[in-house]
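A.B. asks: Please see the structure below; I have some questions.
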Amino acid sequence: MPELDWQFTLVLIANGVMIGLMYTLIALGFVLVYKATDAINFAQGEFVMFAAFIAAAAAYFGDLPFWICGLFALAGMTALGFGLERVVLRPLIGRPVVAVIMATIGVAVLLRGFATLAFGAGTRAIVMPIGDEPLFLGPIMLQPVQLVGAGVSLVFLAIFTWFFLCSRVGIAMRAVADSQQVAMAMGIDVRRYFALAWAMAGIVSALAGIVWGAMLGVDNQLALVGLKVFPVVILGGLDSVIGAVVGGLIVGVVESLAAGYLDPYVGGGTKDFAPYVLMILVLMIRPYGIFGRALIERI
Amino acid sequence: MFHRESGVFKTSYVADMAVYPLPIAKWTVAALAALFAVIVPLAMNEYYLSLLNLILIAVVGALGLNILVGYTGQISIGHGALMSVGAYTAANLVTRLDAPFWLALPAGGAMAATIGAVIGIPSLRIKGLYLAIATLAGQLIIEWTINHVSWISGGVQASIEVPRPTLFGAQLRTQAQFYVFLLFFAAVAIVATINLARSRIGRAFVAVRDQDIAAEIIGIDIFRYKLLAFAISSFYAGVTGVLYTYYLGIANYEQFQINVSIDYLAMIIIGGLGSVLGSIFGAIFVTLLPIVTRWMLEGLGGLILSPADLANIIPNLRLVIFGALIIIFLALEPEGLSRLWRNIVAYFRVWPFSY
């Protein structure tokens with residue numbers, strides 16, 4: 001029956017959009033760091049996981065209300081962002097890209113081990129003070145957690161767009177990203193903006209961690225959502241805030257459709273596979289993504 | 001390596017690039033070979049030999065990754081998956097066609113080399129971080145494919161049992177027999193890498209790493225050499241996968257997941273990028289790290305912590321130490337353990353008359 005199929009597709013697309021916006025939230029942290037410091041953060045998934053762990057642990061040990069736990073996560077991740085920039089990234093300024101990549105992989109491994117050591121291996125929960133009654137829009141069922149995630153994502157998108165286009169700090173950050181030397185010559189303290197970028201990435205990750213932790217539960221498997229960041233940012237363009245949104249939406253919809261239509265034939269797991277195939281295609285055809293700057297050196 | 005030379009004045013480039021820097025070095029190498037090939041398997045017990053076997057397998061893989069990352073300056077986060085390509089190729093050959101190991105081993109390597117070269121194709125258009133992401137995608141796609149295509153993975157558990165290799169009509173059974181078997185391949189890999197590094201190809205790799213535009217201008221076909229680096233490196237990875245499969249007696253994709261790729265990256269960073277000795281040091285270090293952590297924790301912490309706690313702490317503590325070491329070496333000693341070793345050797349060269 002074609003009608004039923006159409007409904008099924010619509011449901012899949014709606015779910016994809018929701019998940020996609022939540023991916024965007026994670027990707028924003030990644031884009032921020034790349035835009036300002038030219039460093040690629042392979043620990044983004046672990047950032048999200050760590051934030052979720054802080055919030056969940058605060059709720060578990062301190063029995064604190066949700067908002068306080070959220071503040072704990074925000075504060076913790078801001079500090080972590082500052083600290084990492086200071087201790088790990090700063091000594092690597094001027095070294096090859098590969099060194100920075102490997103350093104962030106090191107950070108990822110470290111955080112994964114440390115989180116489990118400090119908070120235990122069991123799965124913890126973050127309970128948001130919202131119902132878990134799903135919302136029905138015709139045939140489409142929406143989880144409140146996803147709605148909150150999508151909402152947070154859109155709000156942050158607006159804030160970041162304004163920030164980079166209009167605010168003094170944002171413009172300075174773009175200047176630093178464009179050319180560190182020229183920025184220095186104009187009297188911009190490059191180091192300060194590097195630290196700021198990492199701290200902001202920490203803040204975004206904290207929010208992403210709370211939302212994703214509330215949806216999936218908090219354990220070290222949560223870091224795996226970080227793997228989805230790469231298709232998102234490659235698709236959208238590594239240095240584009242809008243690209244993170246569009247990339248997130250595309251990846252969310254594609255994986256949802258792929259899971260809905262292909263899973264029965266291949267026996268599951270298409271969700272984790274389809275975005276990467278898409279990404280490889282993009283890398284071959286248009287490596288700088290849809291909205292990225294075409295600044296790729298070709299050899 | 002260990003010599004305190006004096007009165008050696010090299011007068012030609014050929015002499016400078018010779019494998020044996022001094023006449024006596026031949027004897028040192030021979031003595032080392034005798035030590036490892038004859039004395040070690042006789043003198044050590046099964047447990048220590050099993051550790052050595054794991055190290056020997058890791059040496060092959062680390063050398064391969066170092067050719068790509070250390071010498072050519074490309075990056076791959078997909079080497080774990082390439083090992084699984086080798087492992088499953090060999091496992092299928094052995095179980096379906098009854099292939100002997102001297103056929104299955106190069107076949108696994110060749111298959112991994114082919115697929116590795118395909119993964120490396122994006123490296124012609126993209127560099128650095130894009131390449132890292134592309135190889136990461138390769139890792140995940142290969143993992144998924146092996147897991148979901150039962151023709152390759154042989155059923156639900158995605159694992160294939162492989163009989164032990166037979167040598168001269170007898171099956172390898174003990175750790176000591178495996179040790180000799182693996183030592184042979186590790187030695188071949190070491191010699192091959194040393195010679196590769198000082199050949200025309202190796203110099204081209206280094207040129208690509210140091211300045212790719214300059215390399216292209218002096219006439220190095222970057223297209224070819226990058227792919228070649230990927231292929232050679234993947235061949236090593238495939239062989240590592242086959243050796244590991246033979247050693248365990250089973251091919252299982254869970255042995256080759258992304259954390260394995262990161263383990264091997266850690267080996268070459270900690271050991272030293274672009275150094276054969278560094279690859280060996282790194283392989284030893286990374287293989288022994290969890291075991292030493294376990295010893296120390298069981299010795300020290302066994303009094304306070306319960307066995308269940310230890311089972312949780314050890315793997316995670318290993319991750320923490322790993323991550324910290326990667327960062328520390330990258331920030332403070334980018335040339336790794338091999339550089340520390342050279343510093344020690346340089347100190348003792350003129351000791352005790354260092355002024």
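Throughout, read-outs are computed from the coordinates displayed, never taken from laboratory work. The shown structure was predicted, so the numbers you read here are calculated from the model rather than taken from an experiment. A quick note on method: Cβ atoms are made from the backbone with ideal geometry, for glycine too, and the neighbour counts reach across all protein chains shown.
A.B. asks: For the stretch B:42-96, divide the Cα radius of gyration by the Kirkwood radius and give the resulting Rg/Rh value with two decimals.
C.D. replies: In the stretch B:42-96, Rg relative to Rh is 1.12.
A.B. asks: Here is a follow-up. If you split all Cα-Cα distances of the stretch A:68-219 into 10 Å bins from zero, what percentages do you get per bin, shortest first?
C.D. replies: Taking every Cα pair in the stretch A:68-219, the percentages come to 9, 29, 32, 20, 8, 1.
A.B. asks: Separate question: Looking at the stretch B:189-302, I'd like the Rg to Rh ratio, where Rg is from alpha-carbon atoms and Rh is Kirkwood's inverse mean 1/r.
C.D. replies: Rg/Rh for the stretch B:189-302 comes to 1.08.
A.B. asks: Same structure again: Calculated FRET efficiency, B:Asp309 and B:Thr11, Cβ-Cβ r, R0 60 Å, to nearest 0.05?
C.D. replies: 0.40
A.B. asks: Let me ask another. Taking beta carbons within 10 Å but only from partner chains, what does the mean come to for residues A:217-224? Walk me through the intermediate numbers first.
C.D. replies: Numbers: counts 0, 0, 0, 2, 0, 0, 0, 1.
Counting Cβ atoms of other protein chains within 10 Å of each residue's Cβ and averaging gives 0.
A.B. asks: Averaged over B:317-325, how many beta carbons belonging to a partner chain fall within 10 Å of each residue's beta carbon? Kindly include the intermediate steps, with their values, before the conclusion.
C.D. replies: Values: counts 4, 2, 11, 10, 3, 5, 13, 6, 3.
Mean shielding by partner chains, rounded to a whole number: 6.
A.B. asks: Based on the alpha-carbon set only, what is the convex hull volume of the stretch B:44-350 divided per residue, in Å³?
C.D. replies: Dividing the Cα hull volume of the stretch B:44-350 by its residue count gives 164 Å³.
A.B. asks: Among the helices of chain A (complete DSSP H runs), which have Cα atoms covering no less than 18 Å along the helix axis and a Kyte-Doolittle mean of at least 0.5?
C.D. replies: A:2-37, A:44-62, A:66-84, A:97-119, A:144-166, A:190-216, A:241-266, A:270-285
A.B. asks: Under 1.5 on a/c is rounded, so check that first for the stretch A:196-253, then, if it is not, pick prolate when a/b is larger than b/c and oblate when it is not; a ≥ b ≥ c are the square roots of the alpha carbon gyration tensor eigenvalues. Don't skip to the answer; put the middle values down first.
C.D. replies: Details: a/c = 2.13, a/b = 1.28, b/c = 1.66.
Because a/c hits 1.5 or more and a/b fails to exceed b/c, the stretch A:196-253 counts as oblate.
A.B. asks: Highest first, please rank the peptides B:258-270, B:161-173, A:39-51 by the mean number of other Cβ atoms sitting within 10 Å of their residues.
C.D. replies: Numbers: B:258-270: 24.5, B:161-173: 12.8, A:39-51: 28.2.
Listed from highest to lowest mean packing, they are A:39-51, B:258-270, B:161-173.
A.B. asks: Here is a further query. With the Cα gyration tensor of the stretch B:128-181 giving a ≥ b ≥ c as the square roots of its eigenvalues, does the rule (a/c under 1.5 for rounded; else a/b larger than b/c for prolate; else oblate) give rounded, prolate or oblate? Could you put the intermediate results ahead of the total?
C.D. replies: Values: a/c = 4.44, a/b = 1.79, b/c = 2.49.
Here the stretch B:128-181 falls in the oblate category.
A.B. asks: Further, regarding this structure: Within 10 Å of each Cβ in peptide B:135-144, how many partner chain Cβ atoms are there on average? Round it to a whole number, please.
C.D. replies: So the per-residue partner count for this stretch is 5.
A.B. asks: How fast does the protein assembly as shown diffuse by Stokes-Einstein, in µm²/s, taking the Kirkwood radius from C-alpha pairs at 37 °C and 0.692 mPa s?
C.D. replies: 124
A.B. asks: For chain B, what relative contact order do you get, as a whole percent, if you take Cα pairs closer than 8 Å and at least 6 residues apart?
C.D. replies: On the way: 499 pairs, mean separation 102.4, N = 355.
It rounds to 29 percent for chain B.
A.B. asks: With a cut-off of 8 Å between alpha carbons and a minimum separation of six or more residues, what is the relative contact order of the stretch B:1-133 in percent?
C.D. replies: Values: 57 pairs, mean separation 23.8, N = 133.
In percent, rounded to a whole number, it is 18.
A.B. asks: Which peptide among B:326-337, A:149-160, B:211-222 comes first, and what is the full order, when sorted by highest mean count of other Cβ atoms within 10 Å?
C.D. replies: Put in order of decreasing packing, that is B:326-337, A:149-160, B:211-222.
A.B. asks: Give the shape of chain A as rounded, prolate or oblate, defined through the alpha-carbon gyration tensor: a ≥ b ≥ c are the square roots of its eigenvalues, a/c under 1.5 means rounded, and otherwise the shape is prolate if a/b is larger than b/c and oblate if not.
C.D. replies: Here chain A falls in the oblate category.
A.B. asks: Here's something else I'd like to know. Using alpha-carbon pairs under 8 Å, 6+ residues apart, how would you state the relative contact order of chain A in percent?
C.D. replies: Over chain A, the number comes to 34 percent.
A.B. asks: Please report how far the C-alpha centroid of the stretch A:51-102 lies from that of the stretch B:202-254, rounded to the nearest whole angstrom.
C.D. replies: 36
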